Amino acid sequence: MSFPAPPPYQHALDLTVEVERDVNGVEMGVLENGIPYLTQRGLAEASGAPRSSLYDITQEWSANFNNPVLTKDRLSFLKERLAAQGFNEPSLYIEITKDGSPHYAYPDIVCMAIIEYYAFEARTPNPRALQSFRDFSTYGLRSFIYDALQYTPSDKWKYHHDRVSILSNSVPVGYFSIFQEISGLAVDLINAGLSVNDRTIPDISVGQTWAKHWKANELAAHFGERIQYEHIYPEYYPQSMSNPQKPAAYPEAALPEFRRWFRETYLPTKFPTYILKKAGVLSGGQNEAQMIASMYQTRSLPRQ
């Protein structure tokens, strides 16, 4: 018997599966942004619940997400447990695309809440759920999945440091590059806990927006013409396929204007929109993106 996939309340995200395997009958994996998950089939196995019941729970959660009064006991239980974990998403799963087809990943904290419900709160407690809860709560489901799949989280500084090393001394004397100038932003974001990688370092966004400002205000007439330089991406970056890149380098005389524009215009008015669009590739999802956006909207990114 086949069951329908969860309804598409959450659009497919631009994420890939880092690793996924069946471990003792439970399908589990890790997304590229480090989020561990169980598939719907894996969650059904771990909780002892039919997949049709998980499908119903998923529908009920999304349909009642904005409803402060929940009439179903299991939804009230899940809402309380997940809110305590900082989970405030309109869908219980993350929808991605795998091998050209929709793929539904239930994050570890969602899985633990559902397993706990079936272990202790359901009308008839489920022995399989109880065993899974004992196994996972003692070890931690995140740690369990990481170890079972032999997954090691990547160095949070790697994407930034590798680019900095390759681009050292690549900009001609007398000019500055956008990437160099926003390196401090990347460091602040990493220290603030943001997942900085090839998809979230905003130098392309900054470069394109600054270029429009440069042209619109005819800044070349004031500071001199910009030039191109070779920008090499590390080989594991998707952008490396078209190395060398040829971005613009700007006259150093324009640095004060760039820094003023970056501080007063880009960060408070452009960057929040940029990072909110990247919520799908952040380990903390929409909540993490909103937190970072709010920091920049108030121009008060903390240094840790």
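Of note:
- Subset of region 82-123 (residues that are under 17 Å from Pro50 (Cα atoms) and among the aromatic types (Phe, Trp, Tyr)): Tyr93, Tyr104, Tyr106, Tyr117, Tyr118, Phe120
- Single residue of Gln239, Gln297 found to be surrounded by fewer than 17 Cβ atoms within 10 Å (Cβ to Cβ), at pLDDT below 80 and under 30 Å from Leu82 (Cβ atoms): Gln297
- Among the candidates Ile109, Ile96, Ile114, the residue that is touching a residue at least 12 places away in the same chain (Cβ under 8 Å) and part of a strand (DSSP E or B) is uniquely Ile96.
- Some residue of region 81-92 being in a helix (DSSP H, G or I), loosely packed, with under 14 Cβ neighbours inside 10 Å and of a type outside the set (S, T, N, Q): yes
- Test result for Ser283, farther than 30 Å from Tyr93 by Cα, at pLDDT below 80 and out of contact with any Leu (no Cβ under 7 Å at 6 or more places or on another chain): no
- Residue within region 51-67 that is surrounded by fewer than 18 Cβ atoms within 10 Å (Cβ to Cβ), in contact with a Lys or Arg (Cβ under 9 Å, 6 or more places away or on another chain) and free of Cβ contacts under 8 Å to residues at least 12 places away in the same chain present: yes
The values are calculated or read from the model by the stated rules, or taken from the named source; none is laboratory data. Small disclaimer: the values here were computed from a predicted structure and weren't measured. FYI the Cβ positions are ideal-geometry reconstructions off the backbone, even for glycines, and counts take in every protein chain you see.
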